[in-house]
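One structure is given here, and the rest of the page talks about it.
Read-outs: derived from the displayed coordinates by stated rules, not from any lab. A quick note: this is a predicted structure, and the numbers were derived from the prediction, not measured. All Cβ positions, glycine included, derive from the backbone under ideal geometry; neighbour counts span all protein chains shown.
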Amino acid sequence: MVTPATYLNTPAKKLGSHLEKLADLFDRMEAAYDRVAADYGFQCKGCEDNCCLTLFFHHTLLEYLYLYRGYVQLPAEERDRLHQAALQVNRELARSQENGETVRIMCPLNRDGSCTLYHYRPMICRLHGIPNEMRRPAGEAPTRGPGCGDFDRQCGDHPYIPFDRTPLYMEMAQLEKALREELSFNEKTRLTVAQMIAGFPA
Ligand code: SF4
């Protein structure tokens, strides 16, 4: 079966322009986020309700291959450490799911509060935290997403400042479509960061 891992050895020449476009989009996402966060006066300094403890699933081959681009640049011993940490996270998650428990498990890339692959982290890690909206088809009200707990503590009484994720998500979808067409990849993907790292070669 074809999986995202099938494409880990895709020649850089073939992937390069796709990943460069993603890097450019990620830069603009961060700039958009930072502008709105600054307007609120919100500062993400790390908190007990750490978003790296949240079980996020990622759905694009682009994010998977971009994370891998960062991963392969790490020293072998660091890759091995992350690989083992990711396997442990996956075991803990499987055990909690079997027991019907909801647990919050730290992402294996979080080391002492910092992201080991910060430059290569997935999209939601760049957008999580401040209230946002998504436009719906004509005639439907936009969907509103809340800020995180720390945002509510710092800025919860502040009027909403528009942060429309729609154009960012649409551009991401277009980039993903172009990559999938080039690689003839049609499968759905739904992976946590720990599942991605555990599937990368150590
Ligand atoms: S990839 Fe980095 S920023 Fe995202 S959850 Fe993991 S440690 Fe946190």
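Filter the chain for me: DSSP H helices, axial length by Cα at least 30 angstrom, mean Kyte-Doolittle hydropathy not below -0.5. List them by residue number.
Numbers: long enough: 12-40 (41 Å, -0.48); 76-98 (33 Å, -1.33).
Counting only whole DSSP H runs, the qualifying helices are 12-40.
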Distance (nanometres) between label positions extended 7 Å along Cα→Cβ at Glu182 and Gln73: 1.8
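When Lys and Arg each count +1 and Asp and Glu each count -1, what net charge do the other residues less than 11 Å away from Tyr118, Cβ to Cβ, add up to?
My count for the surroundings of Tyr118 gives +2.
Suppose every Lys and Arg Cβ carries +1 and every Asp and Glu Cβ carries -1, with no other charges. What dipole size does the chain come out with about its Cα centre, to the nearest 20 debye?
The calculated dipole for the chain is roughly 440 debye.
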Taking only Cα atoms of the chain, radius of gyration then Dmax in Å: 17.8, 54
Exceeding the 29 Å Cα-Cα cut-off - candidates Lys14/Lys188; Lys13/Lys45; Lys21/Lys188; Lys13/Lys177: Lys13/Lys45
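Summing -39500 (n - 2.57) over the DSSP H runs of n ≥ 4 in the chain and dividing by its residue number, what mean residue ellipticity at 222 nm do you reach, to the nearest 500 deg cm²/dmol? The partial results should precede the final answer.
Details: 7 runs with 100 residues, N = 202.
Taken over the chain, the calculation gives -16000 deg cm²/dmol.
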Alpha-carbon centroids, region 1-41 and region 145-188: separation in whole Å: 12
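Within 15 Å, Cβ to Cβ, of Ala31, how many net charges do the neighbouring residues add up to if Lys/Arg are +1 and Asp/Glu are -1?
On the way: positive: Arg28, Arg35, Arg126, Arg165; negative: Asp24, Asp27, Glu30, Asp34, Asp39, Asp164, Glu171.
So the environment of Ala31 carries a net charge of -3.
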Partnerless Cys - the chain, beta-carbon criterion under 4.7 Å: Cys44, Cys47, Cys51, Cys115, Cys125, Cys148, Cys155
Sorted peptide list for 61-67, 99-105, criterion being average Cβ within 10 angstrom, highest first: 61-67, 99-105
Whether region 1-113 is rounded, prolate or oblate, judged on the alpha carbon gyration tensor where a/c under 1.5 counts as rounded: oblate
